[in-house]
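Each reported figure results from applying straightforward, stated rules to the coordinates on display, with no laboratory input. Owing to the predicted nature of the structure, the values given are computational and were not obtained by experimental measurement. Using ideal geometry, Cβ is built from the backbone for each residue, glycine included, and neighbour counts are taken over all protein chains shown.
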Amino acid sequence: MALKVSRRGVIPPFIVMDVLRAANRRQAEGKDVLHLELGQPASGAPAGVIETAHKKLESDQLGYTEAFGIMSVRQRISEYYAAEQSVSVDPEQIVLTTGSSGGFVLAFTAAFDVGDRVAIADPGYPGSRNILLGLGIEPVLVPTGPETRFQPTPELLDKIDGPLDGLIVASPSNPTGTMLGESELGALSEYCRDRGVRLISDEIYHGITYENPGVSALRFDDEAIVINSFSKYFSMTGWRVGWMVVPTALSRSIECLAQNLFISAPTLSQYGAGAAFDCTEELDANVERYAQNREILLKGLPTAGFDQLAPVDGAFYIYADISNLTNDSESFCRRVLDDTGVATTPGTDFDQGRGSSFIRFSFSGATNQITEAVERLQHWMTKTG
Ligand SMILES: Cc1ncc(COP(=O)(O)O)c(C=O)c1O
């Protein structure tokens, strides 16, 4: 007799990881791949982080830390908020996590019960939606489009049937790169406060912006949970370290969950993260590279037939409406990979319905790869269509 499989565990895949597997297979066959699928900086961690990690490996036993993480690193994060957002954050409210992904698990578990309803923009980051599902929380998808820069608004939230327990926003967003300005985030925060809805603000692309800097929800709402990470601006994806700022009312509950679920974030990575704040020169040079890549794509993609692009305010993604080319983005991406070696992500990863006519280009990679990818796409489009 077949044994029971939990319904909670049956969640959609993270399609970009499936694309990565196909791309790696192609590489193993000796064919080349230009990686415009993954949102992963081409650079590794900055030199100062590596140096600190080497020293700690030699000198430190690297045992567990307290569940919320090393206090000196949390203090450093508090200084970052004072400098970047002019807000004062008590280091006691700062939690080091196993990437922001670990932060989501802690935040959602502490803030919501099974069956609660949490609104989230569609298209949006699949991890947030799928972690909610895995925890038995109902993601309430808010369809967004270019009219609102693919971001939720109080008017769109008003159209939702039934009560809401939470709202997740991401600015800059993945996959669209669009941002919420001060007034938009302020209005959403007020909407949430007035209705007893918990705001969760994913700020992991702060630092990678092209026009205006990212605005933190901490400026408006001390009941919001703010999620951040060392993966993107700080270029430390594989170190698996991020942080959260949590309201005092949830602090003990999050601490108990963290103690039991993770004990602590990886200690070596925590030390590295503390050093990352002193590496801004190197990290800002990475952002310069993303800005160059962004220009190359914004100029080159329209000439290859991809001319309906979301405004790229930040992050390193371009979300393209390809309804003029296909209504099956998954097979379109497979064809592009097979024919040109350019790996991209189908919009269905981010929006299970309308995503079939969208595609996401990531420009976190090396500039020569981006230039080459544009040339191949232009050539392919002239040949095929
Ligand atoms: C919007 C968003 N949030 C969270 C994450 C998770 O990142 P990490 O767990 O590496 O911090 C990602 C990863 O791409 C993302 O795009």
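Taking the centroid of alpha carbons for each part, region 71-96 and region 216-290 are 10 Å apart.
Footprinting exposure proxy ranking of Ile263, Ile70, fewest other C-beta atoms within 10 angstrom first, gives Ile263, Ile70. Couplings 3J(HN,Hα) for region 245-255, derived from phi with the Karplus relation 6.51 cos²θ - 1.76 cosθ + 1.60 (θ = phi - 60°), are 10, 10, x, 4, 5, 9, 4, 5, 5, 5, 5 Hz, where x marks Gly and Pro.
The GluC sites (Glu not before Pro) found in region 121-227 that occupy coil by DSSP, while having at most 12 further C-beta atoms within 10 Å, are Glu211.
Footprinting exposure proxy ranking of Met179, Met381, fewest other C-beta atoms within 10 angstrom first, gives Met381, Met179. Cross-link reach is defined here as a Cα-Cα straight distance under 25 Å, omitting same-chain residues fewer than 8 places apart; for Lys31 the lysines meeting it are Lys383. Loop sites here are trypsin sites (Lys or Arg not before Pro) outside DSSP states H, G, I, E and B with no more than 15 other Cβ atoms within 10 Å. The longest part of the chain free of them is 160-385. Annotation: the residues Cys279, Cys256, Cys192, sorted from fewest to most other C-beta atoms within 10 Å of their own C-beta, follow the order Cys256, Cys279, Cys192. Normalised radius of gyration (Cα atoms, divided by 2.2 N^0.38 Å) for region 1-123: 1.50.
Averaging the sequence gap over all C-alpha pairs within less than 8 Å and six or more residues apart, then dividing by the number of residues, gives the chain a relative contact order of 24 percent.
Taking Cα centre as origin and charging only the Cβ of basic (Lys, Arg, +1) and acidic (Asp, Glu, -1) residues, the dipole magnitude of the chain rounds to 1180 debye. Taking amide hydrogens as placed 1.01 Å from N in the peptide plane, the amide H of Ser229 sits under 5 Å from those of Trp243, each at least 5 positions away in sequence or on another chain. Taking only the Cα atoms of region 47-277, the ratio Rg/Rh comes out at 0.96, with Rh defined as the Kirkwood radius. The residue list Gln85, Ile225, Met381 was ranked by how far each Cα lies along the charge dipole of the chain toward its positive end, using unit charges on Cβ atoms, and Met381 comes out on top. Antiparallel beta bridges, as assigned by DSSP with both residues in region 47-277, represent about 30 percent of the total such bridges. The shape of region 131-225 comes out rounded: with a ≥ b ≥ c from the C-alpha gyration tensor, a/c is under 1.5.
Applying the Kirkwood pairwise sum to the alpha-carbon positions of the chain produces a hydrodynamic radius of 21.5 angstrom. The amide H of Ala119, built 1.01 Å from its N in the peptide plane, has Val140, Asp165, Gly166, Leu167, Ile168 as neighbours under 5 Å, considering only residues 5 or more places off or on other chains.
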